[in-house]
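Inspection log for the structure reproduced underneath, given as C-alpha cells.
The values are calculated or read from the model by the stated rules, or taken from the named source; none is laboratory data. Quantities reported herein were computed from a predicted structural model and do not represent experimental measurements. Here the Cβ positions follow ideal geometry from the backbone for every residue, glycine too, while neighbour counts run over all protein chains shown. Accessible surface areas use protein heavy atoms only, side chains included; no ligands, DNA or RNA. Shrake-Rupley method; radii C 1.70, N 1.55, O 1.52, S 1.80 Å.
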Amino acid sequence: MSEHCKAYITTPIYYVNDIPHIGHAYTTIIADTLAIYSRMAGLETFFLTGTDEHGQKIEEAAKKRGKSPKEYADEISGRFKSLWDEFGISYDKFIRTTDEDHKLGVQAAFKKMYEKGDIYKDVYRGHYCISCEAFFTETQLVDGEFCPECGKPTQIVEEESYFFRLSKYQEPLLEWYRANEKCILPKTRRNEVMRFVEGGLDDLSITRTSFDWGVKLPEEMNDPKHVMYVWLDALMNYLTALGYGTDEKLLDFWPARVHLIGKDILRFHAVYWPAFLMSLDLPLPKHIAAHGWWTRNGEKMSKSKGNVINPKEVADAYGLENFRYFMLREVPFGGDGDFSQKALIDRINSDLGNDLGNLLNRLIGMSGKYSSGAVSSAKVAELYPEELGELHASLDRLEPLLFEMQLHRYLEELWKPLSVANKAIDRYQPWVLMKEGKEEQALALLGLIANILAKVAVMLHPVMPETTSKIARALGFTITPAVYEELIVRRDLLADFTIEKIPPLFPRIEEVRMPEFTPGAEAKAPETEQKKEKKPAKSEPVEGLITIDQFFQTQLRVGTVVEAEEVPKSKKLLRLQVDLGEEKPRQIVAGIKEWYSPADLLGTQVCVVANLKPAKLMGMLSEGMILAAKDDEGLALIRPEKPKAPGTSIG
Ligand code: MSP
C-alpha cells in the first residue's frame, strides 16, 4: 500500500448530464494544483479525473435527446476531457465508468462484500431523488415529497434490492473520524458528518431493477435484472482506476492522499465510501476535502437553472492562469463564492499586476541598467539578513497550508515575500545607493529581489505553471524538483541570475470582457474607475436612499406566463411557470389567487424579481417574485406597457 512518497489525488468523476462549468473547473484546478506541487516536491503522483456515466439520471437525459446512453455519454465525456486537455490539466488517467475494466472492478468489489456477508437481498421501499441519485426516508423529505438536498420531487420506489450493511459500520466510522482529526476537511465538515452518523445509519440499497443503464451484478450472482446503485459504481472508480479487480499494478498508490469533492457529495464520500473500503479490508483515504459552491447571484450554478458560467469563456477572456489564481485565492476553501468579473479583474490588476508583475519589471529594469542583467547572491545573506529571515519564515508556513487545503491562505502567505521585496526597494532605494557609490549594496539588493522572485515563482508554479516558468526564464533558471529542493527545502539561494527582459506578464485590464452577469453589479467600469469614484463614507449614509448599484443588484425581468394553476387547498396561491428566456421556465408561487384566475394570467406578461433566493411555499419551490401593487381596492400586477421578449431586463 501507498508509502509516504506516493500521492494519489482525485477529483469527483463528473456526471455526463451537464456540460463543464466553473464549479467543475474549480475542483479540477485545485486537484491539478496539488498534483503539480506533489510532483515538484518529488512525490510519485497519480492524478485521477473522469466521468460518471451510469444511472437513471443519465439514461433519462440521453432519452430526452433521442440518443442511446452510451452515445450521449461519449459526447459529454469527450467535452470534459477536451476541456481539461485544453486547460493543460495534468491528469494521469481519465476514467469513464463505462470502461470495461472499471465494470469488472466494481463487480469484484461487490463479490467481495457479498462473500463477507455485508450484502443481503431484501425489498426497498422508499423515496428516491433521481437528480441526486439518492435515497431518502419519509422523515428526511420536505413536505413528505420533496428532496431535502435539491428540492425536486422524489419518486416512490418499491423494488427488490440488494442492501449493503451500512449500519454495521456506524461505530467503526465514528472511530475513524475521532482518531483522524483531518480526515475530512475543512474540520467543521467533519463535525457535521459525525453528527449525521451518530444519528444512526440505515443499510443502503445498492442495486436497482427498474432501469438498465448500469453495471450488472457479477455473473455468479445469477441475478441479471439488477444493476448497481450508481454511487457504488461511481465511488469504486477511485480503486478501479488503479486496476482494482483487474490489473492491480498501480494499487500501491492506494490509499488516496486526498479526494477533492464539493460539499454536496460529502455524505457519499465521508460515510458510504469509507464503509465500502472497510468492507473491502482496504485502508481509508488520508483526506476528503470538500469545497464550497461557486454561485451566481447567490444561486448554485447548474444547467437546469440556466445560470452556468463557461470556464473556457472566462479563460479566453482573462487568461487561464489568471483564472486559476483567482479561483484559489478568492474564496476560502470550503466556503461558497459568488463569481464576479470585477473581483477577478481586481485580483489580476492588483495581486498579479502590481505586486508580482511590477516587481519583476522593476528588477528587469534596474538589473539591466546597473549590471547588464547579471545579478549575484554573494552578498545577500550578509547585507539583508532580516529580509531573508522574513522570506523563509513565510515559505516554511506554506506546505502545510496547501495539504490542508487552505489554498487562499497559501497564496496570501506567498504574497508576503513580494511585499518584503517591494518594501526593501522603497526603503533602500537602489538608485540612490548607486548614486552614492554604494554599488555593492545596490546589487546585493537586486540579488535579494531576484531570490525572492525565484522562490515565489517556484511555490506559485502549481497554481500558474506557465506564467511562473516565464518568470523563471526571465531570471535565468528552470523550475524543476531539484530547484524546489534547493530553494525551498534547503533554503539555498540561487548563486547567479542572468536577467532578461520579457513582455509584461499581466497587462492591465481596463474593462469587463464577458457579457454582463448581473446588470449594474458587473457592468461597472473596472477597478481604476471605481477606485476614483469616492464611496460615501460609512459614517454618513443618506437615510432611506440606495445607490444605483444597490438598485441594480435586484434583477428585474419581463416574463411570460406559460402555465398557471391553482394550488389545491390554498386560498391565496397560484402556481405559475414563467418564461424568462432561460432554458426552462421558472416556477413561481404567487399569492394572487384572490385577484387573478389562472385564465387571466396565461400568456400574459409580468415583471419578475429574477435573482431572489428560491423559497418553498407549501412544499413547492418558488424561483422568483412577481411585482404587484396592492391597496385597499385590491391588487394589480405590474406589466410592461408593450410586449417584450421574455428575459428582457427592467431598469
Ligand atoms: N458524479 C458525481 C460524483 C461522483 S464521485 C465518485 C457528481 N457529479 S457532478 O458532476 O454533479 O459534480 C461533480 C463535482 O462538481 C462535485 O464535487 C460538485 O460539488 C462540483 N460542482 C458542481 N457544481 C458546482 C458549483 N456550482 N460550484 C462548485 N462546485 C460544484 O456529483
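Couple of notes before you dig in:
- Degrees between helix 320-330 axis and first principal axis of the chain (Cα, 0 to 90, nearest 10): 80
- Distance cut-off 19 Å, percentage of C-alpha pairs in the stretch 19-105 lying past it: 46
- Acute angle (nearest 10 degrees) that the helix 407-428 long axis makes with the longest principal axis of the chain, alpha-carbon atoms: 20
- Mean separation of Cα contacts under 8 Å (6+ apart) over length of the chain, as relative contact order %: 12
- When ILE130, ILE309 are compared by accessible area of protein heavy atoms, the largest-first order is ILE130, ILE309, using a 1.4 Å probe.
- Sites matching GluC sites (Glu not before Pro) across the stretch 150-182 that sit in DSSP coil, with at most 16 neighbouring C-beta atoms within 10 Å: GLU181
- 10 Å beta-carbon shell around ALA7, net charge (K/R +1, D/E -1): +3
- Long pairs among LYS6/LYS249; LYS63/LYS111; LYS168/LYS249; LYS6/LYS81; LYS70/LYS111, criterion Cα-Cα beyond 21 Å: LYS63/LYS111; LYS168/LYS249; LYS6/LYS81; LYS70/LYS111
- The long axis of helix 358-371 is offset from the longest Cα principal axis of the chain by roughly 20 degrees.
- In the assembled protein chains, LYS93 presents an accessible area of approximately 50 Å² (probe radius 1.4 Å).
- Filter on LYS571/LYS616; LYS67/LYS152; LYS187/LYS303 - keep pairs with C-alpha separation over 28 Å: LYS187/LYS303
- Computed over protein heavy atoms with a 1.4 Å probe, the carbon and sulfur contribution to the accessible area of the stretch 265-354 reaches 49%.
- Within the stretch 430-524, GluC sites (Glu not before Pro) in DSSP loop having at most 14 other beta-carbon neighbours inside 10 Å: GLU436, GLU500, GLU510, GLU511, GLU516
- Averaged over its residues, the chain has an accessible area of 44 Å² per residue, based on protein heavy atoms and a 1.4 Å probe.
- Counted charge near THR468, where neighbours are those whose Cβ lies closer than 12 Å (Asp, Glu -1; Lys, Arg +1): +2
- Near the amide H of VAL157, within less than 5 Å, lie the amide hydrogens of GLY126, HIS127, TYR128, all on another chain or at least 5 residues away, with H placed in the peptide plane.
- Over the Cα atoms of the stretch 68-167, the radius of gyration divided by the Kirkwood radius equals 1.07; this is the Rg/Rh ratio.
- Only alpha carbons enter this Debye calculation for the chain, each as an equal point scatterer, and the log10 of I(q)/I(0) it gives at q = 0.06, 0.08, 0.11 Å⁻¹ is -0.42, -0.72, -1.18.
- Potential extension, ARG513-ARG79 segment - 0.36 nm per residue separation minus Cα distance: 153.8 nm
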